[in-house]
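Here's the structure, in structure tokens; my notes come after.
The values are calculated or read from the model by the stated rules, or taken from the named source; none is laboratory data. No experiment lies behind these values; they were computed from the predicted model shown. Every residue, glycine among them, receives a Cβ derived from its backbone with ideal geometry; neighbour counts consider all protein chains shown. What goes into the accessible areas is simple: the full protein's heavy atoms, side chains included, and nothing from ligands, DNA or RNA. Shrake-Rupley method; radii C 1.70, N 1.55, O 1.52, S 1.80 Å.
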Amino acid sequence: MVDQQQYSWPLFRRFLFLCLGAGTVLMLLAYLYRSIMIGLVTSAIISYIAAPGINYLCEILPVTRKTLVGILIFLVVTICTLGAVLGIPYIYQELLNIVQMVPDAMAYAERLAKPLIDWARHSKIVPDETIEAGFRKMNLLQHVMGASDTMQGVFSRTPKVLEWAFNLAMIPLFTYMMLADKDDIRSLVKNWTPKDLHPLMRVFVARIDTVLRAVVKGQFLVAFVLSIFYMAGFSLIDLPSGIAIGAIAGICRVVPYFDVFVGLILSSIVIMTQGSGIAVFIGVLIVIAVVQSLDGMIITPRIIGDRAGLHPIIVIASVFSFGHWFGLLGVLLAVPIVAASVVALQICLPYLQNSPFYRLPPS
């Protein structure tokens, strides 16, 4: 039985209208500023993860919040720049080498599959038109992958690169604004919210904050840890380009189980073109199995636990669906939005059950 005084439907209805109005304004602003949304969203994620640490340092250090945030951002940008200068060119070159290996790997796979294709063509199980169409697609893909230098030249001349560069350059500035002016932003939201809705707002913010901290911080931390494990494991078995493959596979862990798919595909391409042998492929399978076991039994339960409340299939479907509609921005926001929506619906349910739509008319 729902407590009608505690879960007041008229109060919740006003809160719902306020949220819908704020959401409409935010969507309009997101559309108007869509060219810098990647930078804004990335800065928001960084600020959200770093905020508790900034609050703690402000309490123990005799400096203002703005000074502390400025110093920390300068140090982080310097370290990231040095890391990018030293590490990204190597990973980029290794990834480019792997892309250029794709035509050879597909030709090798085609030779392995030739007996099976001949048998399917002879037995008429698969129509000849379907087989020929598959060969045409493979030849086109080999041609496209082999022309990576041409693709690089075209890509480097497009305005999209300038947009990405601007977003990247604005991330430190957006992050500074969000962290340094956190109290002003909070006061602005509080002043625009009617006072009788403050308790309900605090409940929503607290519950959603608990889940988002587990999801946002946890997913990136798990991906970082798995990247280290993959790089160490692939290097241990002497997989060519193992460090680059491990780093990329670990980053893909932001989408559950996508790291397994990416790691297997990239490793198979390298093994088929470099002639590493079946032993290295078995080693890749063992490394992936060990890392997945550690992830399932220790890493994810310790870092995220069950606070997210999302099934892996829902996460995968959400990431791919949001990515299809909104690109990279959708990939970044898919899991936080779905997790926050689930929590919001759980909070809303008692109020909805106390609404005229759910309550039975008096007998």
Diffing region 345-355: the Karplus 3J(HN,Hα) column from phi (6.51, -1.76, 1.60, θ = phi - 60°), in whole Hz with x for Gly and Pro, holds 5, 5, 6, 6, 4, x, 5, 5, 5, 8, 7
The ³J(HN,Hα) series, computed from each phi in region 18-26 with the Karplus coefficients 6.51, -1.76 and 1.60 at θ = phi - 60°, rounded to the nearest Hz and given as x for glycine or proline, is 4, 5, 5, x, 5, x, 5, 5, 5
Taking a ≥ b ≥ c as the square roots of the Cα gyration tensor eigenvalues, with a/c under 1.5 meaning rounded and otherwise prolate when a/b beats b/c or oblate if not, region 249-293 comes out oblate
Place a point 7 Å from the Cα of Ser8 in the direction of its beta carbon; the residues of region 195-227 whose amide N falls under 14 Å from it are 195-201
Taking 0.36 nm per residue of separation between Val85 and Trp325 and subtracting their Cα-Cα distance, the length gained on full extension comes to 83.1 nm
Taking a ≥ b ≥ c as the square roots of the Cα gyration tensor eigenvalues, with a/c under 1.5 meaning rounded and otherwise prolate when a/b beats b/c or oblate if not, region 148-272 comes out oblate
Taking N as the residue count of region 228-304, its alpha carbon Rg divided by 2.2 N^0.38 Å gives 1.05
In terms of the alpha carbon gyration tensor, root eigenvalues a ≥ b ≥ c, rounded if a/c is under 1.5 and otherwise prolate when a/b exceeds b/c or oblate, region 156-200 is prolate
Judged on accessible area alone, 1.4 Å probe, highest first, Met272, Met177 line up as Met177, Met272
Among Ile299, Leu239, Val284, the residue whose Cα sits farthest towards the positive end of the charge dipole of region 217-363 (+1 at Cβ of Lys and Arg, -1 at Cβ of Asp and Glu, taken about the Cα centre) is Ile299
Taking the alpha-carbon centre of each part, the distance from region 222-250 to region 155-208 in Å is 33
HN-Hα couplings for region 316-331 via Karplus (6.51, -1.76, 1.60; θ = phi - 60°), in whole Hz with x for Gly/Pro, come out as 4, 4, 5, 4, 5, 5, 5, x, 5, 8, 10, x, 4, 4, x, 4
